[in-house]
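Report on one structure; see the data block that follows.
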Amino acid sequence: MKYHFMICICLISVTLGSCQSHDTASFPYVLQADASYVMPTELAEISGITFVKGKTTSIYAIQDEEGLLFEYDLTNERVLEITSFGKKGDYEELTTDGKFFYVLKSNGDIYSFLKSGLSADLKVFANKGLVPEEEYEAMAFDPASGSLFLLCKACKADKKRNIVSGYMLARDGDGQLSYADQFTFQVGALSALDKRIKKTFKPSAMAKRSQSGEWYLLSSIDRALVVTDADFNPKHIVHLPRKNFEQPEGIAFDEEGNLYISSEAGRKEQGMIYRFNLIK
């Protein structure tokens, strides 16, 4: 089965911080932060974020320089636990299927491990060579299909064809992955909706909103949040201003459907996580 991005005829463009009314059934967030979390020094370069089902007060995060997994307490705003899963490297994305954590390295390698509490107890499997060795930052687990989805940030072949390559990976019971399928994102479909997106689109994070089945695709360079339906047909483009999002590189939803976006420190002193409550 292949997924192809298609042009959608409607667009709702929402600017961060605006108070204008909009169809909450189509885009159920007013993008003014309901909560802001200042990250500690070790998470200044925060990249991927995710939630574990049943742990509503904790968010898990990685940063793009060290092979470390952080459990961050949202209630008390502090790091509860740090787990080492690998050596220093360029780690860009984090997701979980409820049993295993999956960490994406920028070259397409994916490290999977079952968290057991202590770093010394971890059995980490390095899934290598499943996708072309290019530059990747966006990965998410899809509960509906039971697969992992990846989007290429910068692939040489994509630039010439004005597309973004995507891949589906299957899982086994041990957290090991295998190639399942490939799909393409037609950048022209986004350009047709918003002229500010030109010939390229560089995804830096992705997550699936389970309540609606929609994909939320974040691009730090484009400073844009793209919402698609379950089959990757683009529906909305949301632009994120630099003053709030220095380097947005992580996105996740909690069990109540609230939206979280993380941003690296960049030129600021600290990394941040912002929460946007679901309008009910």
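Bear in mind that the values in this text are calculations on the coordinates, not laboratory data. Computed from a prediction, not measured in an experiment: that's the story for all the values here. Cβ atoms come from the backbone with ideal geometry, glycine included; neighbour counts cover every protein chain shown.
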Principal axis dimensions, the chain - Cα atoms, whole angstrom, descending: 52, 40, 34
GNM result for the chain, Cα springs below 10 Å: residue of 103, 227, 38 fluctuating most strongly: 38
Identify all lysines with a Cα-Cα distance to residue 198 below 30 Å; exclude those on the same chain that are fewer than 8 residues away in sequence. 2, 105, 153, 156, 159, 160, 208, 235, 243, 268
Subtracting the Cα-Cα distance of residue 107 and residue 157 from 0.36 nm times their residue separation yields 16.5 nm
May I have the pair-distance distribution P(r) for the stretch 30-140, computed from all Cα-Cα distances with 5 Å bins from 0 and rounded to whole percent? 2, 12, 22, 25, 20, 11, 5, 2, 0
Assign unit charges at the C-beta atoms only (+1 for Lys and Arg, -1 for Asp and Glu), then state the dipole size of the stretch 125-280 relative to its Cα centre in Debye, rounded to the nearest 20. 900 debye
Using a Förster distance of 35 angstrom, determine the FRET efficiency expected from the C-beta separation of residue 256 and residue 233, and round it to 0.05. 0.85
Distance in nm between residue 270 and residue 73 label points, each 7 Å along Cα→Cβ, equals 1.7 nm
Between the modelled labels at residue 35 and residue 55 (7 Å from Cα along Cα→Cβ) the distance in nm is 1.6 nm
